[in-house]
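The values are calculated or read from the model by the stated rules, or taken from the named source; none is laboratory data. Not measured: the values here are computed from a predicted model. All Cβ positions, glycine included, derive from the backbone under ideal geometry; neighbour counts span all protein chains shown.
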Amino acid sequence: MTASLARTGSERASVPAAPALLERLERLIDTELGPLRAGVEPLLVDLRQGLAALFPGPGGQQLSPQQQQEQRTRLDQVLDTLEDILEALQRTARAQRRTGPTVGRRES
């Protein structure tokens with residue numbers, strides 16, 4: 001995944017799409033997970049901040065090449081963790097839709 005975060009030349013033209021892609025991802029997470037989204041919110045915050053650091057807006061300060069590489073490595077880890085947690089939460093959400101929510105219910 002590091003290669004996907006390392007952009008040069010004409011590929012940088014698509015960088016402004018990163019915030020839009022993140023918003024779309026968040027909408028999909030909301031749709032699929034509903035209240036279980038809380039389980040990934042800290043990772044989404046990390047992802048948002050990491051992308052903002054890598055791709056600062058107009059007037060923002062660009063990171064040094066070493067800092068960029070460190071940020072890419074960190075974002076790779078965040079994305080890997082996010083993927084694992086999303087898969088687990090998606091299975092939980094689907095199971096709840098099939099059987100109904102059981103959280104907080106006690107058998108009598």
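Pull up region 15-43, narrow it to residues that are more than 24 Å from ARG97 (Cα to Cα) and not small (Gly, Ala, Ser), then point me to the one that is modelled with the lowest pLDDT. Among residues in region 15-43 that are more than 24 Å from ARG97 (Cα to Cα) and not small (Gly, Ala, Ser), the one modelled with the lowest pLDDT is VAL15. For region 48-90, a residue qualifies if it is under 22 Å from LEU33 (Cα atoms) and of a type in the set (Ser, Thr, Tyr), and exactly one does: THR81. Only residues that are in a helix (DSSP H, G or I), under 16 Å from ASP80 (Cβ atoms) and touching a residue at least 24 places away in the same chain (Cβ under 8 Å) were counted in region 40-49, giving 4.
Between GLN71, GLN66, GLN62, GLN96, which is of a type outside the set (Gly, Ala, Ser), surrounded by 12 or more Cβ atoms within 10 Å (Cβ to Cβ) and at pLDDT 90 or above?
Checking each option against the conditions leaves just GLN71.
Pairs meeting the criteria (first residue in region 70-97 and among the basic types (Lys, Arg), second residue loosely packed, with under 14 Cβ neighbours inside 10 Å and assigned to a helix (DSSP H, G or I), beta carbons under 7 Å, at least 6 apart or on different chains) are ARG72/THR2.
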